[in-house]
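J.: Structure below; questions to follow.
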Amino acid sequence: MRKYLVTFRKLVPDDSGHEHDAVQRQAVVIAGCESSAALAAKAMFCEAASIIDWRLRADSCEVVELAELVA
């Protein structure tokens, strides 16, 4: 199993109209692969925010491997 950091971001405009990348939520997930980690984190995000689709609160989902765990 591997450990992943999953980051959800949203582009938000400031007062001058420039867009900035704002982190909406991060989760550390243990999964067998990157896609499994993304799916688990998306489900966690939806449950925590009481929404049906993570894209209601974020524009992107980035998955980065942190470490491989020895079983």
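The values are calculated or read from the model by the stated rules, or taken from the named source; none is laboratory data. Model, not experiment: these values are computed from the prediction. Cβ coordinates were reconstructed from backbone atoms using ideal geometry, including for glycine residues, and neighbour counts include every protein chain displayed.
J.: What number of residues within region 4-38 satisfy the criterion of being in contact (Cβ under 8 Å) with a residue 24 or more places away in the chain and in a strand (DSSP E or B)?
T.: Here the count works out to 14.
J.: Of everything in region 48-71 that's of a type in the set (V, I, T) and at pLDDT 95 or above, which residue is surrounded by the fewest Cβ atoms within 10 Å (Cβ to Cβ)?
T.: To start, the set of residues in region 48-71 that are of a type in the set (V, I, T) comprises 51-52, 63-64, 70.
If we keep only those that are at pLDDT 95 or above as well, we get 51-52, 63-64.
On the way: I51: 12, I52: 8, V63: 17, V64: 11.
Among those that are of a type in the set (V, I, T) and at pLDDT 95 or above, it is I52.
J.: While we're here: Looking at region 23-47, which of its residues are surrounded by fewer than 16 Cβ atoms within 10 Å (Cβ to Cβ), within 12 Å of the chain's Cα centre (by Cα) and of a type in the set (G, A, S)?
T.: S35, A43
J.: Right, another one. Quick one: I52 ticks every box in (1) out of contact with any strand residue (DSSP E or B) (no Cβ under 7 Å at 6 or more places or on another chain); (2) of a type outside the set (K, R); (3) not in a loop (DSSP other than H, G, I, E, B) except a single one, so which number is it?
T.: Checking I52 against (1) out of contact with any strand residue (DSSP E or B) (no Cβ under 7 Å at 6 or more places or on another chain); (2) of a type outside the set (K, R); (3) not in a loop (DSSP other than H, G, I, E, B), the one that fails is (3).
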